[in-house]
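Scroll down for the structure; my scribbles are underneath it.
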Amino acid sequence: MKRFLLAFAGMGLLAIGAQAQAAEYSIEAIRYATSPGVPVDELVVNGPKDQKVDIAMVVWLIRGGGHTILFDSGFHRDTFTKEFPMKDYLRPDEAVKTAGVNPQDVTDIVISHAHWDHMGGIDLFPKATVWIQREEYRYYTGDAWQKGGNHGGIDPEDVQALVKLNTEHRVRFVDGDDVEIFPGICAYIGSRHTYASQYLRVAGNPAYVLASDNAYFYLNLSAHLASATFSERDHAANIAQQKRMMELAGSPDRVVPGHDILQFQKFPTTGRVAKIKDH
């Protein structure tokens, strides 16, 4: 009898493990603003000269397995909007409502990197746990502001909000590359858009990679051009990471760039929301 119970318990554990692995996620891109007329060669290394495009300001909503996750959080402070004027702006906590999600129901926010338009909305979602690469947190709460540091594109108020959330036990650190932070959702580093930027692979049938600014546009992927990076030394590594993204997704069509407005033409779109993947 004891042997039977142990075997039964083992089968139960296997079933639980299989359930966790089988979690399917939906993915939606939510455009909360558009920045018009941005020069492509400011974002893409060796990109077309004298070409300007409207870029989408996006957060990605991932739902499944008991989680309601935002990949990136947008912004709501105007520190950088003189440099990057916006049209059709809707504060990110209001924008997620257009996808049927209340801000207080967001369980987690994964931050790809600390730039103002990706980390600036972390204080708009009152119950969310924030996930960020440990080295990204360390650098931008410390060395970036010392002599010789690089804090371009970082809003000091965003950093203060991040530290405050950490004191409230609402920040979790991702340690390095190929780290599963939710069942079937893994974080990867290495492309150095910022000091320790990361991107996500969402497993499923099929899998998708959310690149954020590690690949700004579909042009990066098709022409093998680097996104703007932390330093010029990181250009080759960024291109290598883009190749890896396509391998992880199983197809370049399933890598979603950070600011390409084409994602709202490529995928079925209603209003501000593009449905990238159903459950």
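The values are calculated or read from the model by the stated rules, or taken from the named source; none is laboratory data. It should be emphasised that the depicted structure is a prediction, and the values quoted were computed from it without experimental measurement. In this analysis, Cβ positions are derived from the backbone assuming ideal geometry, glycine residues included, and neighbour counts consider all displayed protein chains. Heavy atoms of the whole protein, side chains included, go into the accessibility calculation; ligands, DNA and RNA do not. Shrake-Rupley method; radii C 1.70, N 1.55, O 1.52, S 1.80 Å.
Between a residue in the stretch 138-162 that is without any contact (Cβ under 8 Å) to a residue 40 or more places away in the chain and any residue that is surrounded by fewer than 15 Cβ atoms within 10 Å (Cβ to Cβ) and aliphatic (A, V, I, L, M), which pairs come within a Cβ distance under 8 Å, given they are 6 or more apart or on different chains?
Listed pairs, sorted by first residue: Thr141/Val163.
Go through (1) open to solvent by less than 40 Å² (accessible area, probe 1.4 Å); (2) of a type outside the set (Asp, Glu); (3) farther than 25 Å from Glu180 by Cα and name the single condition Tyr216 misses.
Every condition holds for Tyr216 apart from (3).
Somewhere in the stretch 100-123, is a residue touching an Asp or Glu at 6+ places or on another chain (Cβ under 7 Å), aromatic (Phe, Trp, Tyr), touching a residue at least 12 places away in the same chain (Cβ under 8 Å) and closer than 26 Å to Phe267 by Cα?
no
Scanning the stretch 251-279 for residues that are outside any strand (DSSP E or B) and among the polar types (S, T, N, Q), which turns out nearest to Leu219 (Cα to Cα)?
Gln263
Mind listing whichever residues of the stretch 225-251 are farther than 25 Å from Asn150 by Cβ and polar (S, T, N, Q)?
If the condition is that a residue be farther than 25 Å from Asn150 by Cβ and polar (S, T, N, Q), then Ser251 is the only one that fits.
Scan the stretch 72-108 residue by residue and report those that are touching a Phe, Trp or Tyr at 6+ places or on another chain (Cβ under 6 Å) and over 24 Å from Asn150 (Cβ atoms).
Matches in the stretch 72-108: Leu90, Pro92, Ala95, Pro103, Val106.
For the stretch 261-279, does any single residue satisfy the condition of being hydrophobic (A, V, I, L, M, F, W, C) and closer than 18 Å to Gln198 by Cα?
The answer is no, given that none of the residues of the stretch 261-279 is hydrophobic (A, V, I, L, M, F, W, C) and closer than 18 Å to Gln198 by Cα.
Of all residues in the stretch 141-158, which are within 15 Å of Ser231 (Cα to Cα) and not aliphatic (A, V, I, L, M)?
The answer is Gly148, Gly149, Asn150, His151, Gly152, Gly153.
Among the residues that make up the stretch 232-248, is at least one of them out of contact with any helix residue (DSSP H, G or I) (no Cβ under 6 Å at 6 or more places or on another chain) and assigned to a loop (DSSP other than H, G, I, E, B)?
no
Kindly evaluate Ala215 against the criterion of being touching a residue at least 12 places away in the same chain (Cβ under 8 Å), assigned to a loop (DSSP other than H, G, I, E, B) and touching a Pro at 6+ places or on another chain (Cβ under 8 Å).
Yes.
If I go through the stretch 242-263 residue by residue, how many of them are within 15 Å of the chain's Cα centre (by Cα) and not aliphatic (A, V, I, L, M)?
Going through the stretch 242-263 one residue at a time, the tally reaches 7.
For the stretch 62-75, what are the residues that are buried (at least 24 other Cβ atoms within 10 Å of the Cβ) and closer than 12 Å to Glu28 by Cα?
Matches in the stretch 62-75: Ile62, Ile69, Leu70, Phe71.
Within the stretch 225-235, does at least one residue satisfy the condition of being open to solvent by 10 Å² or more (accessible area, probe 1.4 Å) and hydroxyl-bearing (Ser, Thr, Tyr)?
Taking every residue of the stretch 225-235 in turn, at least one turns out to be open to solvent by 10 Å² or more (accessible area, probe 1.4 Å) and hydroxyl-bearing (Ser, Thr, Tyr).
Tally the residues that are of a type in the set (Asp, Glu) and closer than 18 Å to Val174 by Cβ, restricting the search to the stretch 119-144.
Qualifying residue count for the region: 2.
Might you check whether a residue that is under 30 Å from His224 (Cα atoms), acidic (Asp, Glu) and modelled with pLDDT under 95 occurs anywhere in the stretch 106-127?
no
If you check Ala56 against the conditions, is it in a strand (DSSP E or B), touching a residue at least 12 places away in the same chain (Cβ under 8 Å) and either open to solvent by less than 50 Å² (accessible area, probe 1.4 Å) or closer than 18 Å to Gly153 by Cβ (or both)?
Considered against the rule, which asks whether it is in a strand (DSSP E or B), touching a residue at least 12 places away in the same chain (Cβ under 8 Å) and either open to solvent by less than 50 Å² (accessible area, probe 1.4 Å) or closer than 18 Å to Gly153 by Cβ (or both), Ala56 comes out as yes.
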